[in-house]
Structures are given as structure tokens and as C-alpha cells.
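Bear in mind these aren't lab numbers, they're just calculated from the coordinates by the rules spelled out. Worth saying up front: this structure is predicted, and the values here are computed from it rather than measured. Please note: Cβ atoms are built from the backbone with ideal geometry, for glycine as well, and neighbour counts cover all protein chains shown.
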Amino acid sequence: MALQAEATDRQPAARRRVRRVWLAVAVAGVLLVAVVVVSWVANRDRWAGKGQPVVAPTLAGTPAPTWKPPDDPLGRIRYELESRVLNSARVARPTSSGCDRSELAGDQPATFSCTVSYDKLKVVYTVSARPNGKLFQYTATAPKTIVTRQGLLALVWQHYGLPSKLRMAELRCDGFPETALVAVHRTLDQLCYGRLPGERLTSKITIAPSDTAEPYLEVVKQK
């Protein structure tokens with residue numbers, strides 16, 4: 001009877017050891033799946049395939065005003081402001097300008113407004129001019145400026161396409177409006193994407209229009 005009792009006691013112990021083994025295997029399996037999922041989430045390219053491919057543009061350079069810069073201070077300011085708008089839009093369209101004063105001697109401080117008309121859109125600048133010896137200085141700011149789809153794609157291609165040392169693979173962009181009046185120094189909702197040389201993950205390119213120069217581009221890498 002004693003031997004029979006000892007054998008009976010050994011069977012539950014063996015079953016407990018089997019259950020512990022299966023439990024350890026199950027825990028290891030769950031941990032392995034968790035590691036695989038975390039690795040996949042950490043390494044997947046979230047921006048790959050976004051937007052449409054960017055191809056070589058047909059635009060040749062940046063357009064300039066169709067009239068020669070004059071000698072008078074007000075005329076030179078108007079020419080410069082038209083140049084700024086064309087530099088932002090990068091597409092030649094009917095462009096004109098005018099200010100809320102007819103002349104400016106340049107020997108006295110003055111603040112006034114000038115409006116640049118590009119096609120059917122208008123950019124309003126606030127100009128502050130002051131004398132500087134025999135010359136004069138001025139600053140001009142505008143809350144909005146003009147961008148175009150063709151101009152933005154050409155700019156992105158120039159900086160990150162084939163002509164650039166930072167040539168990106170899979171260069172793509174969201175859909176831009178044909179022509180738009182947009183806030184300056186504020187990133188557009190639309191983005192561009194591409195892979196920098198030596199990078200595995202896609203980066204995005206943000207675009208912030210400016211009232212003084214071409215839009216500012218910045219590359220943001222995935223984390």
C-alpha cells in the first residue's frame with residue numbers, strides 16, 4: 001500500500017511540471033509576438049508612398065517684372081515688390097503694382113501701402129522708408145503671398161531632385177492648388193516626401209512661404 005501511495009503522489013507532480021513547461025512556452029510565445037509587433041511598428045515607413053511623384057519641371061528660372069527698374073525711389077520699391085511675388089509664385093502671370101501715394105522723395109521717413117496684383121490675386125505690403133545719407137532704406141512686409149502648384153514642384157525639384165546634391169529617392173508631393181494666396185511664415189498643409197541618401201525611412205519636406213523670398217523648405221526625418 002505504501003508503494004502504491006508513493007506512485008500516486010508522483011503523478012500530480014509530473015502533471016504540474018508539464019503545466020509549468022507549457023505555461024513558460026506560452027509566455028515566451030507572447031513575448032516573442034510582442035517583440036515582433038514592436039519591431040514592426042518601430043521600423044515601418046509611415047510616409048512611404050504618400051503624394052504623387054515629382055518630375056522634372058518645364059519652368060525655366062524665376063520670372064521678373066516685364067518693365068525695367070526705374071530711378072525714382074517709389075518705382076524701385078514697386079519693382080522690388082513685384083519681384084518678390086514672382087519669386088514666390090515662380091510662374092509668369094500678368095503682374096502689376098501700385099502704392100497709396102504717387103511719389104516718394106526718399107529724404108523723409110514715410111509709411112505707406114503698396115499692392116502687387118498677380119493675375120486676379122493681390123498681395124498688400126506695408127512699406128516703411130527712411131533716408132540713409134544720400135540713399136534711402138525701406139522694409140516691406142505682407143501677411144500673405146502667392147504660391148503656385150508649378151512653382152512649388154519646381155522649387156522642390158531644384159532642392160531635392162536630380163539637380164541637387166541632396167537628391168532624394170521617391171520624391172513625391174501632396175496635391176498643391178493651382179494658384180493660392182497663403183499666409184507667410186506658416187507651414188502649408190501640403191507636404192512633400194523623399195528618402196535622403198543613406199536613409200532607410202522616408203523624410204517629409206515642409207514648405208513655409210515668405211514675403212521676402214522664395215518659400216522656405218525644411219526636411220523632417222521620421223523618428
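So the values come out like this:
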{"read-out": "DSSP-assigned coil residues among trypsin sites (Lys or Arg not before Pro) in region 129-159, each with at most 11 further Cβ atoms within 10 Å", "value": "134"}
{"read-out": "Stokes-Einstein D for region 147-220, Kirkwood Rh over Cα pairs, 4 °C, 1.567 mPa s (µm²/s)", "value": "103"}
{"read-out": "Within region 64-115, GluC sites (Glu not before Pro) in DSSP loop having at most 13 other beta-carbon neighbours inside 10 Å", "value": "103"}
{"read-out": "Over 20 Å (Cα to Cα) - which of 120/204; 144/204; 122/204; 50/165; 165/223; 120/144 fall in this group", "value": "120/204; 144/204; 122/204; 50/165; 165/223"}
{"read-out": "Relative contact order of region 64-205, pairs being alpha-carbon contacts under 8 Å that are 6 or more residues apart, as %", "value": "16"}
